[in-house]
Structures are given as C-alpha cells and as structure tokens.
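Mind looking over this structure? Questions follow.
The values are calculated or read from the model by the stated rules, or taken from the named source; none is laboratory data. Not measured: the values here are computed from a predicted model. A quick note on method: Cβ atoms are made from the backbone with ideal geometry, for glycine too, and the neighbour counts reach across all protein chains shown. Just so you know, the surface numbers come from the protein's heavy atoms only, side chains and all, with ligands and any DNA or RNA stripped out. Shrake-Rupley method; radii C 1.70, N 1.55, O 1.52, S 1.80 Å.
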Amino acid sequence: MITIHGLTVPSSLIRSRIRAEFERHKYVQDPAVIDVLVQKSRQSFQEVMNAWAQESHILGVLLKDKNVERKTFLQKFYEGRDEEAVAIASPQTSYP
C-alpha cells in the first residue's frame, strides 16, 4: 500500500491504525454487525489495493484523530458557534 500510493508515512503507523480499528470493535458480539464490519473493511482494502482510493483519502483515514470529542448541536449552540455551518458557508467554497 505504501509503495502503490507513494505514501510518506511509516508502515508502523498504518499497522497501529488498523490495530486501533480492531480494538475499537472488540466488544461487538452480534454476528450480523461483525459481517458488515468485515465486508466494509474488505471493500476499503480492495479500493486501496486497486488504487481507486486517492492518497488524500488514505491519509485522511490514517491521520484522523479518533479521540476528538464530538459535540452535539445544542452544545455548539450554547457556545455560540457551529464550525460545520461556517465551513459550508465559507466564501472559499465554490459551487458549480
């Protein structure tokens, strides 16, 4: 995967992120859910190996911080800001 896409990340980072995904789902007991997770991971792996996934997609998955606390709409509302709404209304975004 590193050589196919010319990634500049060490293989240990890729291994640790894959391991973290397994650890995140280690308490799943429902066979139907396990089947869906296995199918999604196989699909993702096939997309990477067929070079259908671009480098930015792969790095987004690898470098995304999973420990970021998600805030609800009301929490953001009470703070007086909503980053997602600001990003959508950004003047730098151009629509066709």
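So what does ASP35 come to for accessible area, using a 1.4 Å probe and Å² rounded to 10?
100
To continue, here is another question. With θ set to phi - 60°, apply the Karplus curve 6.51 cos²θ - 1.76 cosθ + 1.60 along the range 15-32 and write out the HN-Hα couplings as whole Hz, x wherever there is a Gly or Pro.
Karplus values, whole Hz, x for Gly and Pro: 4, 5, 5, 5, 4, 5, 5, 4, 5, 5, 9, 5, 8, 6, 10, 6, x, 5.
Can I ask one more? Probe radius 1.4 Å, ligands and nucleic acids left out: which of VAL61, VAL48 has the largest accessible area, and how do the rest follow? It would help to have the intermediate numbers written out before the result.
Details: VAL61 90, VAL48 15 Å².
Result of the area sort, largest leading: VAL61, VAL48.
If you don't mind, another one. How far apart, in nm, are the 7 Å Cα→Cβ label points at VAL38 and VAL61?
Rounded to a tenth, the inter-label distance reads 1.8 nm.
For LEU7, which sequence-distant residues (separation of 5 or more, or a different chain) have an amide H within less than 5 Å of its own amide H, given hydrogens modelled in the peptide plane?
Those qualifying (amide H under 5 Å, at least 5 residues apart or on another chain) number zero.
Sticking with this structure for a sec: Around HIS5, what is the net charge, scoring Lys/Arg as +1 and Asp/Glu as -1 over all other residues with Cβ under 12 Å from its Cβ? Numbers along the way, then the final one.
Working: positive: none; negative: GLU47, GLU55.
My count for the surroundings of HIS5 gives -2.
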